[in-house]
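Engineer: Please find one structure pasted underneath; my questions will follow.
Just so it is clear, none of the values below were taken in a lab; they were calculated from the coordinates. Please read these numbers as outputs of a predicted model, since none were measured by experiment. FYI the Cβ positions are ideal-geometry reconstructions off the backbone, even for glycines, and counts take in every protein chain you see.
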């Protein structure tokens, strides 16, 4: 495949990068600001994207508000809206290579992974379309305090501000926009200026299918302008993916005006390795999962807790597995891990590696820039041994391919170490005994717990506890945050609900 030619044709199709999608049209920004988007594998500039100011954001919010209050979208049936979701799914499939060309360059994921996951995101729009027929948006309920007929009705929450991060743009767009649209909400999508290409392709799909004006508006913006979206009283709900620090700020602003919020934030997830676990298989599994998207995954298993007696043996196996990971061009089929997303992201990861060394942890493998890669934002997969859970590398989210191995004195101590964090997004238990896995999983304070692998499942639900966030994305659970429950109580049964 001629990857240079492919990205050229993809960028040629991004004719709207200097405009915003507002009110169903690509409009010229009122702002004159732009942001350079850099190829993570080469360090070269790909293109510039327009960045919104406050007036641009106000236009987008107004368009979404009018579309919700006066437009046809919330007044359609769920089945009618589902047809648009199916059309979006087909549009994503038709533009698979555009999405797959952009994600590796903007964020560092492997091209092969990008192509496979793009198909899954298209399927997710189809999944939410199917809920139009199976989810109970209205349910009869027996009144308990007067009246003769009750209804529990789930209505759209209103205008939604959807703020996405740079590490998985289309994934985050999908799990925010698909359920919001089915529910009947209108959306202001605020992608990261660092990785805006996929949002623009998505916007072109929306225009191609004839989505009604103002239902989805797309405006890349910096943090200051994004706060205007969060603070605006015309926005009923914010759904955000990003750092815990930013999530605290957004949650505080939403709380001041009682806006609804779903916050998918950071993690420092633990893998608890019990004494009956196969160490070679565990190491291989952790190495494969820990290097997906160059470790730029909020749910990555970055703390590995193993008994003191097996610590050294396990570190040797894990270091061997990590050292075999082939780092390089994300478009090369032989590559197993690509670059970090940006120069500042590599500097961040390198600062944590330095902090781990300074704190007394041992680098078992990695810790450097790959010697054969002199351009791009590459770093070696890194394993730290003899880590104390109080160290920064064990407590703070690094967002790179860096894992800490922490010794524990017992199963109980391993659970205590796993829970000794402000985060609670993901975890896994490695053991040959599924009943032991279930027992330990019940003790872990985490939104997801896997068995013998890095596992998350957006088909069921994804989200965290503690400072890893509020709410869930994916599956039926991911639809609920875009709905408000309304209780209706009548003296008689309305005609449409009468039997016979």
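Engineer: For the peptides 273-279, 109-115, 424-430, what is the packing order when you average, over each peptide's residues, the other Cβ atoms within 10 Å and list the highest mean first?
Structural biologist: Descending mean neighbour count gives 424-430, 109-115, 273-279.
Engineer: How do the peptides 296-307, 480-491, 387-398 rank, highest first, by the average count of neighbouring beta carbon atoms within 10 Å per residue?
Structural biologist: Going from most to least packed, we get 296-307, 387-398, 480-491.
Engineer: Quick check: Cα centre of segment 108-175 to Cα centre of segment 339-408, how many Å?
Structural biologist: After rounding, the separation between the Cα centres reads 36 Å.
Engineer: Right, next: Bins of 10 Å, beginning at zero and ending with the bin holding the largest distance: percent of Cα pairs per bin for segment 206-333, please.
Structural biologist: 10, 27, 21, 21, 16, 5, 0
Engineer: Same structure again: From the Cα gyration tensor of segment 1-104, with a ≥ b ≥ c the square roots of its eigenvalues, which class applies: rounded if a/c is under 1.5, or else prolate if a/b is larger than b/c, or else oblate?
Structural biologist: Numbers: a/c = 3.36, a/b = 1.36, b/c = 2.47.
Note, shape of segment 1-104 comes out oblate.
Engineer: Ok, one more. Could you tell me what % of all Cα pairs in segment 101-167 have separations over 21 Å?
Structural biologist: Everything past 21 Å amounts to 56 percent.
Engineer: Related question: Ignoring everything except DSSP H segments at least 4 long, calculate the 222 nm mean residue ellipticity for the chain; use -39,500 (n - 2.57) per segment, divide by total residues, nearest 500.
Structural biologist: Estimated from H runs of four or more residues: -12500 deg cm²/dmol.
Engineer: For helix 279-290, what angle does its Cα long axis make with the longest principal axis of the chain, in degrees from 0 to 90 and rounded to 10?
Structural biologist: Result, in degrees: 50.
Engineer: Would you kindly compute the Cα radius of gyration of the chain and its largest Cα-Cα separation (Dmax), both in Å?
Structural biologist: 23.6, 78
Engineer: Considering segment 444-500, what Rg and Dmax in Å follow from its alpha-carbon atoms?
Structural biologist: Cα radius of gyration and Dmax of segment 444-500 are 18.7, 56 Å respectively.
Engineer: Now, a different point. Provide the gained length on full extension for the span residue 420 to residue 457, in nm with one decimal, where the gain is 0.36 nm per separating residue minus the Cα-Cα distance.
Structural biologist: On the way: separation 37, 0.36 × 37 = 13.32 nm, distance 2.41 nm.
So the extension gain works out to 10.9 nm.
Engineer: Using a ≥ b ≥ c from the Cα gyration tensor of segment 191-280 (square roots of the eigenvalues), is it rounded, prolate or oblate, where a/c under 1.5 gives rounded and otherwise the larger of a/b and b/c decides, a/b for prolate?
Structural biologist: oblate
Engineer: Once segment 105-253 is represented by equal point scatterers at the alpha-carbon sites, with solvent omitted, what log10 I(q)/I(0) does the Debye formula produce at q = 0.11 Å⁻¹?
Structural biologist: After summing over all Cα pairs, the log10 values are -0.50.
Engineer: For helix 197-209, what angle does its Cα long axis make with the longest principal axis of the chain, in degrees from 0 to 90 and rounded to 10?
Structural biologist: Long axis of 197-209 versus the principal axis of the chain: about 30 degrees.
Engineer: Once both axes come from the Cα atoms, what is the angle between helix 244-257 and the longest principal axis of the chain, in degrees from 0 to 90, rounded to 10?
Structural biologist: Taking the Cα atoms of the chain, the angle to 244-257 is about 20 degrees.
Engineer: How many angstrom lie between the C-alpha centres of segment 441-500 and segment 280-337?
Structural biologist: 32 Å
Engineer: May I ask you to sort 372, 311, 48 by Cβ crowding, counting other Cβ atoms within 10 Å and putting the fewest first?
Structural biologist: 372, 48, 311
Engineer: Oh, and also: Per the Kirkwood treatment, what hydrodynamic radius in Å, one decimal, follows for segment 269-354 from the mean inverse distance over all distinct Cα pairs?
Structural biologist: 14.1 Å
Engineer: Something else now. Rounded if a/c is under 1.5, else prolate if a/b beats b/c, else oblate: with a ≥ b ≥ c from the C-alpha gyration tensor eigenvalues square-rooted, which is segment 344-500?
Structural biologist: prolate
Engineer: Note the direction-averaged projected area, equal to a quarter of the hull surface, for the Cα convex hull of segment 269-451, in nm².
Structural biologist: Mean orientational projected area (segment 269-451, Cα hull): 9.7 nm².
Engineer: A follow-up question, please. Order these peptides, 235-241, 432-438, 281-287, by their mean beta-carbon neighbour count within 10 angstrom, highest first.
Structural biologist: In descending order of packing, they fall as 235-241, 281-287, 432-438.
Engineer: When the Cα atoms of segment 45-143 are enclosed in a convex hull and the volume is divided per residue, what value in Å³ results?
Structural biologist: On the way: hull volume 17.6 nm³, N = 99.
Hull volume over Cα atoms, normalised by residue count, gives 178 Å³.
Engineer: Would you mind listing how long segment 348-408 runs along its three principal axes, going by Cα atoms, in whole Å with the largest first?
Structural biologist: 39, 19, 17
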